[in-house]
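Student: I'd like to ask some things about the structure below.
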Amino acid sequence: MTLIKVLIIGEYGFMTNHLIDRLNREKCDIYTIAGIRSKEKANKLPSHTVFEFSPDSVAVKYIMQCIKPDVVIFMGAQNDSYNWNNDMTFTQYTAELNNVLIWAKTNKVKRFIYLSTMELYEGDYENPVSEETNPVAKEFKHLTIYNGESLCRLYDDEIMHVNVLRLPVVFGPSHFVYENFNLIEKMFFDAKRKGKISLSGFGSYMVIYVSDAVDAVYKLMTEKKCKQYVYHVKGSEVTTDREIMDLFKKDYNISSQLVGKEDTKRKVSFNGENFEKEFFYSPHIDLSLGIKRIAGFVEENYEELIKKAIIEEEGAKKEQRKKEKENLKIILTNARKTVENIALFAVFFLLTSNLGSLKIFADIDFMLFYILITALSFGVGQSVFSVILATCGNVYLRMKDTEIGIASIISQYPVIFQFLAYFILAIMISYTILMNRQKEKEKQEELEDLQQEYELIYDVNKTNIEIKRVFEDRLINYGDSIGKIYNIVSELDLLDPEKIAVASLEVVRKIMNVMDVCIYKAARDGYYHFIDATTEDAKVMRRAIRLADYQELSQTLETGDIFVNHKIGDELPRMAAPIHSDNKMIYIIMLWNMEFEQLNTYQKNLFLVLAKIITSSLKKAYQYEEVGRMQNYYENTDILFPSVFNAHVLEKMQDIPYDQSEYSIIQIDSEGRSMEEMSDCLRMLVRDEDKIGKIKDEDPNIYLLVHAGYSEVSFVVQKLNKNGIKGKAVKGNEFK
């Protein structure tokens with residue numbers, strides 16, 4: 001069965017974490033775009049690939065091109081990371097959704113799912129609402145989510161099927177303490193913390209347990225073609241705040257308290273018949289069981305949740321104090337500017353009143369200079385205020401000099417024209433300064449955007465360069481890479497299958513650009529025995545392992561696929577590839593200490609190609625070995641001729657002190673048994689990679705070349721002795 005590639009857009013939280021858990025159980029290939037610094041949260045979840053980018057980033061383009069997802073799920077209303085009190089959230093939300101839709105469409109994603117909510121239906125509804133009932137969204141959050149539904153509809157066509165899933169109020173226990181509480185979970189935590197329930201009103205709404213909501217998402221994403229664009233998912237039941245409060249009181253002995261007048265805040269529920277019939281769907285977990293599970297999570301993690309709540313409350317208070325300080329700072333700044341403006345006006349008013357009567361200053365308008373200075377120094381608001389002050393000052397001086405009433409003076413054309421001239425001058429200067437500052441700010445923001453884009457392109461380009469370098473290395477060093485395997489195949493008259501397996505380590509190391517590679521071989525006893533490694537750091541696991549002890553590794557390799565391990569600090573390799581022969585797994589090649597950036601689809605596919613080439617080479621080698629068996633073994637035995645056996649011994653032990661060698665020699669007394677009998681007995685007791693042979697035709701003894709150091713070989717000797725075969729370990733000089 002082909003794995004479904006699912007890309008989830010949304011930060012880690014209540015609904016997202018439950019969805020990842022379900023998709024992992026369904027054996028989906030899971031990817032997430034969850035924002036910066038999200039890997040710490042991802043490590044607590046089942047294995048999946050994390051992209052630490054914002055959904056509105058240009059990186060979404062390259063991610064879509066790389067993984068080619070079958071399904072994209074935009075968490076939307078079920079993403080609890082948005083700050084709906086921020087005026088910029090609408091712009092952020094729409095930009096993220098539009099960016100994801102564009103690149104999903106460009107890369108021909110088959111299915112796009114947008115998660116919405118029943119909260120779009122504000123107000124009271126006597127009957128359950130169907131998909132045909134248009135939402136009445138008034139709140140900022142609900143208007144934004146509904147706008148997202150309309151945006152998604154523009155991208156729905158035969159190439160990319162887009163569906164909107166409106167869910168009731170989702171409730172249930174959180175996965176982890178860091179998640180934000182859902183509605184009922186918060187009600188229970190607050191009630192437990194305070195020792196009582198305090199409600200100001202009683203709403204009526206439909207609820208759905210989180211696993212049922214996730215089940216609805218999975219059914220939708222696995223359906224090839226849907227009958228409609230929007231679906232309502234019916235929850236387990238319609239409940240009220242009073243019913244929830246009564247359950248808390250009954251099952252958990254928490255007292256209740258009604259604050260204020262009892263009223264109904266809203267009544268709404270979904271008619272989910274269309275979804276229920278088309279997808280054979282029905283919710284399974286009711287409210288009572290859901291609250292029981294919520295209680296279990298809260299009570300188990302109560303101390304940590306209290307600490308988190310206190311930190312959040314202190315953070316909210318700190319943020320409130322910060323806002324108050326910022327508001328006070330703005331007030332004080334404006335007050336200071338106003339005082340300075342008034343002081344400056346007083347100076348120029350005195351100049352006008354004292355010097356204006358002098359003939360030398362008769363044509364100088366001091367108030368015009370005052371307005372010019374305030375416009376240059378204080379901005380638009382204060383410059384308008386300075387126009388009013390200057391006009392008032394001039395009117396006052398005219399009244400003083402002419403003793404004419406204020407009504408008569410302000411109706412005179414010279415006064416009116418002077419006010420207009422002051423106002424136009426102040427606005428022009430202030431606006432010009434404001435525009436220049438805005439242009440400087442835009443240039444700075446543009447520079448920062450370009451810098452960020454450059455850094456992103458640089459990171460993406462590094463990956464492209466790495467891929468390019470791999471192919472260049474394969475072309476330039478053909479004889480030492482894939483070609484090396486074919487060279488081995490062409491020289492099978494000199495080499496055997498074991499040599500091909502060991503030589504493949506170096507090939508894999510170079511092609512995959514990984515230092516630490518090891519190989520294990522299957523044995524008759526159900527174990528896989530260590531054969532060789534490129535470095536000491538690749539010798540992580542035991543010399544003999546039972547694959548059944550590593551369920552995830554076993555299940556993947558048995559299917560012939562590449563095992564990829566995304567977990568940190570795990571005892572399993574980063575990647576592992578199976579080598580099969582006649583539908584049996586005979587070798588496992590393991591890669592260790594890889595960078596997380598290398599755990600991608602490209603590297604996985606490259607490793608799979610290498611494994612198939614090695615498999616093909618080994619198959620030919622086994623065929624060659626079978627054909628040439630009569631030239632290497634005594635007839636009807638697994639005992640090698642002296643020329644062949646001695647060559648193996650020299651290869652493994654030549655110029656290596658016996659106490660440092662990884663191989664040892666055991667001398668076996670035949671005790672008058674035939675060679676065929678000894679071969680049958682030994683083959684049942686030794687491993688496949690151990691060699692049985694003779695050093696001379698006339699020598700009555702048989703020798704074993706075993707993959708065990710001299711200090712460890714005593715265990716093999718004991719095993720032979722227990723089975724009635726006399727043997728002893730011999731050193732290299734004794735053997736000669």
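Student: Identify the residue in segment 409-431 that is among the polar types (S, T, N, Q) and in contact with a helix residue (DSSP H, G or I) (Cβ under 9 Å, 6 or more places away or on another chain) and, among all such residues, is modelled with the lowest pLDDT.
Tutor: Looking at the filtered set, the residue picked out is Gln412.
Student: Separate question: Counting only residues that are under 55 Å from the mean Cα position of the chain (by Cα) and among the polar types (S, T, N, Q), which one in segment 708-728 is surrounded by the fewest Cβ atoms within 10 Å (Cβ to Cβ)?
Tutor: Ser711
Student: What is the residue count in segment 278-335 for residues that are over 30 Å from Ala216 (Cα atoms) and of a type in the set (A, V, I, L, M, F, W, C)?
Tutor: Residues flagged as over 30 Å from Ala216 (Cα atoms) and of a type in the set (A, V, I, L, M, F, W, C) within segment 278-335 amount to 10.
Yes/no per residue for (1) β-branched (Val, Ile, Thr); (2) within 27 Å of the chain's Cα centre (by Cα):
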{"site": "Leu553", "(1), (2)": "no, yes"}
{"site": "Gly560", "(1), (2)": "no, yes"}
{"site": "Lys567", "(1), (2)": "no, yes"}
{"site": "Ala577", "(1), (2)": "no, yes"}
{"site": "Asp582", "(1), (2)": "no, no"}
{"site": "Ile589", "(1), (2)": "yes, no"}
{"site": "Glu595", "(1), (2)": "no, yes"}
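Student: Still on this structure: Working only within segment 119-159, note down all residues that are open to solvent by 50 Å² or more (accessible area, probe 1.4 Å), farther than 16 Å from Gly272 by Cα and not charged (D, E, K, R).
Tutor: Passing the criteria: Val136, Phe140, Leu143, Tyr146, Asn147, Ser150, Leu154, Ile159.
Student: Between a first residue in segment 122-136 that is within 20 Å of Thr239 (Cβ to Cβ) and a second residue that is surrounded by 12 or more Cβ atoms within 10 Å (Cβ to Cβ) and acidic (Asp, Glu), which pairs have beta carbons less than 8 Å apart while being 6 or more apart in sequence or on different chains?
Tutor: Glu122/Glu139
Student: Is it true that some residue in segment 558-565 is aromatic (Phe, Trp, Tyr), touching a strand residue (DSSP E or B) at 6+ places or on another chain (Cβ under 8 Å) and either open to solvent by less than 40 Å² (accessible area, probe 1.4 Å) or farther than 28 Å from Arg25 by Cβ (or both)?
Tutor: There is at least one residue in segment 558-565 that is aromatic (Phe, Trp, Tyr), touching a strand residue (DSSP E or B) at 6+ places or on another chain (Cβ under 8 Å) and either open to solvent by less than 40 Å² (accessible area, probe 1.4 Å) or farther than 28 Å from Arg25 by Cβ (or both).
Student: Next up: Find the strands (runs of 3 or more DSSP E) located wholly in segment 162-253 whose residues include 2 or more that are within 30 Å of Phe112 (Cα to Cα), touching a residue at least 12 places away in the same chain (Cβ under 8 Å) and touching a strand residue (DSSP E or B) at 6+ places or on another chain (Cβ under 6 Å), and list them.
Tutor: Output list reads 169-171, 204-209, 230-232.
Student: Give segment 684-722 a look and list any residue that's assigned to a strand (DSSP E or B) and in contact (Cβ under 8 Å) with a residue 60 or more places away in the chain, or say none.
Tutor: Ile702, Leu705
Student: Now a separate question. For residues in segment 566-610 being basic (Lys, Arg) and within 26 Å of Lys41 (Cα to Cα), which is most open to solvent (accessible area, probe 1.4 Å)?
Tutor: Restricting to residues being basic (Lys, Arg) and within 26 Å of Lys41 (Cα to Cα), the top hit is Lys567.
Student: A follow-up question, please. Return the only residue of Ala77, Ala42, Ala59, Ala95 being open to solvent by 40 Å² or more (accessible area, probe 1.4 Å) and among the small types (Gly, Ala, Ser).
Tutor: The match here is Ala95.
Student: Starting from residues that are within 21 Å of the chain's Cα centre (by Cα), assigned to a strand (DSSP E or B) and β-branched (Val, Ile, Thr), keep the ones in segment 64-120 and report whichever is nearest to Ser130 (Cα to Cα).
Tutor: Ile113
Student: I've got another one for you. Inside segment 54-83, can you point out the residues that are aromatic (Phe, Trp, Tyr) and without any contact (Cβ under 8 Å) to a residue 60 or more places away in the chain?
Tutor: If the condition is that a residue be aromatic (Phe, Trp, Tyr) and without any contact (Cβ under 8 Å) to a residue 60 or more places away in the chain, then Tyr82 is the only one that fits.
Student: Condition first: among the basic types (Lys, Arg), within 18 Å of Ala191 (Cα to Cα), in a helix (DSSP H, G or I) and in contact (Cβ under 8 Å) with a residue 24 or more places away in the chain. Can you find one or more residues in segment 294-307 that meet it? Steps first, please.
Tutor: Step one: of segment 294-307, the residues among the basic types (Lys, Arg) are 307.
From what is left, the residues that are within 18 Å of Ala191 (Cα to Cα) are 307.
From what is left, the residues that are in a helix (DSSP H, G or I) are 307.
Those left that are additionally in contact (Cβ under 8 Å) with a residue 24 or more places away in the chain: none.
The answer is no; no qualifying residue exists.
Student: Of the residues that sit in segment 2-34 and are acidic (Asp, Glu) and within 20 Å of Val100 (Cα to Cα), which one is most open to solvent (accessible area, probe 1.4 Å)?
Tutor: For segment 2-34, the residue satisfying everything is Glu11.
Student: Taking segment 630-683, which residues are outside any strand (DSSP E or B), polar (S, T, N, Q), open to solvent by 30 Å² or more (accessible area, probe 1.4 Å) and closer than 15 Å to Leu704 by Cβ?
Tutor: Of all residues in segment 630-683, those outside any strand (DSSP E or B) come to 630-632, 634-639, 641-663, 669-683.
Pick out the ones that are also polar (S, T, N, Q) and you get 631-632, 636-637, 643, 646, 654, 660-661, 670, 674, 679.
Restricting the remaining residues to those that are open to solvent by 30 Å² or more (accessible area, probe 1.4 Å) gives 631-632, 636, 643, 646, 654, 660, 674.
Once the filter is applied, which keeps residues that are outside any strand (DSSP E or B), polar (S, T, N, Q), open to solvent by 30 Å² or more (accessible area, probe 1.4 Å) and closer than 15 Å to Leu704 by Cβ, segment 630-683 yields only Asn646.
Student: Another one. So, Asn85, is that one under 26 Å from Gln555 (Cα atoms), surrounded by fewer than 18 Cβ atoms within 10 Å (Cβ to Cβ) and out of contact with any Asp or Glu (no Cβ under 6 Å at 6 or more places or on another chain) or not?
Tutor: No; evaluated as a whole, the condition is false for this residue.
Student: Let me confirm something: among Phe378, Phe369, which residue is under 60 Å from the mean Cα position of the chain (by Cα), among the aromatic types (Phe, Trp, Tyr) and either open to solvent by 60 Å² or more (accessible area, probe 1.4 Å) or modelled with pLDDT under 80 (or both)? Before the answer, list the steps.
Tutor: Numbers: Phe369 fails: under 60 Å from the mean Cα position of the chain (by Cα).
Being under 60 Å from the mean Cα position of the chain (by Cα), among the aromatic types (Phe, Trp, Tyr) and either open to solvent by 60 Å² or more (accessible area, probe 1.4 Å) or modelled with pLDDT under 80 (or both) holds for just one of Phe378, Phe369, which is Phe378.
The values are calculated or read from the model by the stated rules, or taken from the named source; none is laboratory data. As the structure is a prediction and not an experimental result, all values here were calculated from the model. In this analysis, Cβ positions are derived from the backbone assuming ideal geometry, glycine residues included, and neighbour counts consider all displayed protein chains. Heavy atoms of the whole protein, side chains included, go into the accessibility calculation; ligands, DNA and RNA do not. Shrake-Rupley method; radii C 1.70, N 1.55, O 1.52, S 1.80 Å.
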